[in-house]
1. Quick one: in segment 42-73, which of the residues that are exposed (fewer than 15 other Cβ atoms within 10 Å of the Cβ) and aromatic (Phe, Trp, Tyr) is farthest from the chain's Cα centre (by Cα)?
2. So which residues in segment 74-93 are assigned to a helix (DSSP H, G or I) and either surrounded by fewer than 19 Cβ atoms within 10 Å (Cβ to Cβ) or of a type in the set (Asp, Glu) (or both), if there are any at all?
3. So, in segment 25-61, exactly how many residues are touching a Gly at 6+ places or on another chain (Cβ under 8 Å) and within 13 Å of Val9 (Cα to Cα)?
4. So, in segment 1-31, of the ones that are acidic (Asp, Glu) and surrounded by 15 or more Cβ atoms within 10 Å (Cβ to Cβ), which residue ends up farthest from Arg93 (Cα to Cα)?
5. State which residue pairs qualify: first residue under 18 Å from Glu69 (Cβ atoms) and inside segment 25-45, second residue of a type in the set (D, E, K, R) in any location, beta carbons under 7 Å apart, and separation of 6 or more residues or different chains.
6. Report, by residue number, each residue of segment 60-73 that is of a type outside the set (A, V, I, L, M), in contact (Cβ under 8 Å) with a residue 12 or more places away in the chain and assigned to a helix (DSSP H, G or I).
7. Out of segment 1-57, which residues are part of a strand (DSSP E or B) and polar (S, T, N, Q)?
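What follows draws every value from the coordinates through simple rules; no lab data is involved. Everything quoted here is computed from the prediction, not taken from an experiment. Positions of Cβ are generated from backbone atoms using ideal geometry, with glycine treated the same way; all protein chains shown enter the neighbour counts.
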Amino acid sequence: MSRKYEGLVILNTKSIEGTIDDLVATVSKEIESEGANVADVRQLGRRKFAYASRHLESGHYVSYSFKAEPETITRIQEKLKLNGNVHLQHFQRVA
């Protein structure tokens, strides 16, 4: 049974090739490649961290809303861990 999820992804944009929009689209494609249906992508912009996290002082926040099977979330997380431009990620089920 497909459920609604929301994912917050913080992107490291220090050494990207291309634009931020390209990076956001790439992450969206990676989520969809695992079987999720992305419904909405909202770019929340660059925000400064309260403290330096792994030598970064800020990141580009992006919110993804999608439908997926529960076991798909683990696969998405594992795939995004391999992407060097994804600094942090958090997913939660939406009621």
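1. The qualifying residue farthest from the chain's Cα centre (by Cα) is Tyr51.
2. Thr74, Arg75, Gln77, Glu78, Lys79, Lys81 - these are the residues of segment 74-93 that are assigned to a helix (DSSP H, G or I) and either surrounded by fewer than 19 Cβ atoms within 10 Å (Cβ to Cβ) or of a type in the set (Asp, Glu) (or both).
3. 5
4. Out of the qualifying residues, it is Glu30.
5. Glu30/Lys79; Glu34/Arg75; Glu34/Lys79; Gly35/Glu69; Ala36/Lys67; Asn37/Lys67; Val38/Glu32; Ala39/Lys67
6. Pro70, Thr72
7. Of everything in segment 1-57, those that are part of a strand (DSSP E or B) and polar (S, T, N, Q) turn out to be Asn37, Gln43, Ser53.
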